[in-house]
Amino acid sequence: MSIGRLLVMAVAAAGLAAPAPAPAAAAVQTIYLNAAGSDAASGATPATAVRTLARVQQLVAAGPADQDVEVRIHAGTYVSGGVTWDTYRPGHTISFMPDDYTVGEGRDGIAALPVFENARASGSQRYLPGYWFYACAPEAGRPLSSGGNSGLRFYYLQIQRYASGGLSLDGSAGPCGGGYQPSSGPGQPSARGLDGNTVFGMVFTSLGNAYTGGACDSADFPRCGYGGVVLTESSGNRIENNHFVNLRNTEASYIHAVYITHKSSSNRFAGNNVTGVSSDPVKVRDASNFNTFERNTFGANAWPRSSTPAVHYLEEVGASECSSYHNRFAYNDLGTYLTGSTANLPVWYLSPEGATWPGPSGCPALPSGETRLITAGNTY
């Protein structure tokens, strides 16, 4: 009798089940991106890499819906205008990363960060408007048309010279790219959302009109930066271990490292380095609750201005909006004004003031015991 047969008999005699075989690794669609690639190629191997994120999106849309996606990006500079992304695989993730990166390792394992740089218009040579990556929910009949967990993951890429900012995740009622349309009533949670995304190890630099020209209110050359990462009806995101360096508009306002707005809740912003941002590094707005900002390092940020005070954390409530609550800004290493002043940048400001003010008429009261902001352990 064979040794294998004897082993099975011994296990059975002991009243134990034989160990189950290890599960097979889940299938992943891998798409290769290279600045020297061709959008006529398949993207299935390094030798057949495609050249643009627009082509990557086509391949994701045509690929197997039951697989995660890894977009493997070769080191180099990708000069292109921004991409509008509305293609998802519910229950799966779509990851953008260097081709030599293993998820879970640090920066040391990557030879060089791939760089995405904004393009210029062929005639005027002006930088193009918009974000590097604008994600939104698609039209009816397509995956995530009603919102949900979009599972986008961004690792160790450098984003530069985009006028509006780096990454915008917009889960509002749309239409996609057509401006903000709330999916629910004042002060209520988003009824749609574009949730559950990861931004890790990224470098956002030289964003805003100080680097792309124009002005926020220019009729001829409208260019205005809003944030390195902007969340609109987008919740449950992880934004960690990133660098936000030199995000500036020539105006002393508008642009932020992270701008969490319109019913975007339960996001985590932690372990980031933020310096050279010309407005408040962190801004929260309109019923965006339970967000955490912890253990970040801030350098010199924000220009002093005569309107709303420049601060590390600003919550602002506009017309037809409601206050946010239970946001936590804690254990951060704080910095000074961008302009060379030796004055410390204040920690926070609520506009309008009032720790429990719910917002204008029509807004629900804050839940019992809640306040708009919790702070602890921040040090200069």
>> Can you say whether PRO358 is open to solvent by 50 Å² or more (accessible area, probe 1.4 Å) and more than 17 Å from THR379 (Cβ to Cβ), as far as the supplied structure shows?
In response: no
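One line per residue, one yes/no per condition, for (1) at pLDDT 95 or above; (2) open to solvent by less than 40 Å² (accessible area, probe 1.4 Å):
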{"residue": "ARG295", "(1), (2)": "yes, no"}
{"residue": "GLY299", "(1), (2)": "yes, yes"}
{"residue": "SER307", "(1), (2)": "no, no"}
{"residue": "TYR313", "(1), (2)": "yes, yes"}
{"residue": "CYS322", "(1), (2)": "yes, yes"}
{"residue": "HIS326", "(1), (2)": "yes, no"}
{"residue": "TYR331", "(1), (2)": "yes, no"}
> What are the residues in segment 143-156 that are touching a Ser or Thr at 6+ places or on another chain (Cβ under 9 Å), part of a loop (DSSP other than H, G, I, E, B) and not polar (S, T, N, Q), if any?
Replying inline: PRO143, LEU144, GLY147, GLY151
> Given the conditions (1) more than 27 Å from SER266 (Cα to Cα); (2) in contact with a strand residue (DSSP E or B) (Cβ under 6 Å, 6 or more places away or on another chain); (3) polar (S, T, N, Q), which single one is not true for SER80?
Replying inline: (2)
>> Going through SER218, SER206 one at a time, which residue ends up being under 17 Å from GLN158 (Cα atoms) and in contact with a helix residue (DSSP H, G or I) (Cβ under 9 Å, 6 or more places away or on another chain)?
In response: SER206
>> Can you report the number of residues in segment 119-135 which are more than 18 Å from the chain's Cα centre (by Cα) and outside any strand (DSSP E or B)?
In response: 9
> Is segment 105-126 home to any residue that is within 20 Å of LEU194 (Cβ to Cβ), among the basic types (Lys, Arg) and open to solvent by 30 Å² or more (accessible area, probe 1.4 Å)?
Replying inline: no
> Do the conditions hold for TYR101, that is, is it assigned to a loop (DSSP other than H, G, I, E, B), touching a residue at least 40 places away in the same chain (Cβ under 8 Å) and open to solvent by less than 30 Å² (accessible area, probe 1.4 Å)?
Replying inline: yes
> Within segment 261-375, which strands (runs of 3 or more DSSP E) (wholly inside it) include 1 or more residues that are basic (Lys, Arg) and touching an Asp or Glu at 6+ places or on another chain (Cβ under 6 Å)?
Replying inline: 282-285
>> Exactly one of these conditions fails for ALA215: (1) farther than 23 Å from ALA302 by Cα; (2) open to solvent by 20 Å² or more (accessible area, probe 1.4 Å); (3) without any contact (Cβ under 8 Å) to a residue 40 or more places away in the chain. Give me its number.
In response: (1)
> Can you name the residue in segment 145-180 that is within 11 Å of the chain's Cα centre (by Cα) and open to solvent by less than 10 Å² (accessible area, probe 1.4 Å) and, of all such residues, is farthest from ASN237 (Cα to Cα)?
Replying inline: GLY165
> For THR205, are the conditions met, namely being touching a His at 6+ places or on another chain (Cβ under 7 Å) and either of a type in the set (Ser, Thr, Tyr) or more than 26 Å from SER320 (Cβ to Cβ) (or both)?
Replying inline: no
>> Considering only segment 181-193, I want to know if a residue exists there that is surrounded by 18 or more Cβ atoms within 10 Å (Cβ to Cβ), among the aliphatic types (A, V, I, L, M) and within 22 Å of the chain's Cα centre (by Cα).
In response: no
> Is there a residue being under 11 Å from the mean Cα position of the chain (by Cα) and either open to solvent by less than 20 Å² (accessible area, probe 1.4 Å) or of a type in the set (Asp, Glu) (or both) anywhere in segment 246-255?
Replying inline: no
> Quick one: in segment 68-98, which of the residues that are open to solvent by 10 Å² or more (accessible area, probe 1.4 Å), of a type in the set (Val, Ile, Thr) and touching a residue at least 60 places away in the same chain (Cβ under 8 Å) is farthest from SER150 (Cα to Cα)?
Replying inline: THR84
> Inside segment 263-276, can you point out the residues that are surrounded by fewer than 24 Cβ atoms within 10 Å (Cβ to Cβ) and in contact with a Leu (Cβ under 9 Å, 6 or more places away or on another chain)?
Replying inline: THR275, GLY276
> Of the residues in segment 334-345, how many are open to solvent by less than 50 Å² (accessible area, probe 1.4 Å) and either of a type in the set (Val, Ile, Thr) or within 28 Å of the chain's Cα centre (by Cα) (or both)?
Replying inline: 6
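The values are calculated or read from the model by the stated rules, or taken from the named source; none is laboratory data. Everything quoted here is computed from the prediction, not taken from an experiment. All Cβ positions, even for glycine, are placed from backbone atoms using ideal geometry, and neighbour counts span all protein chains on display. For the accessible areas, the whole protein counts, side chains as well, though only heavy atoms, and no ligand, DNA or RNA atoms are used. Shrake-Rupley method; radii C 1.70, N 1.55, O 1.52, S 1.80 Å.
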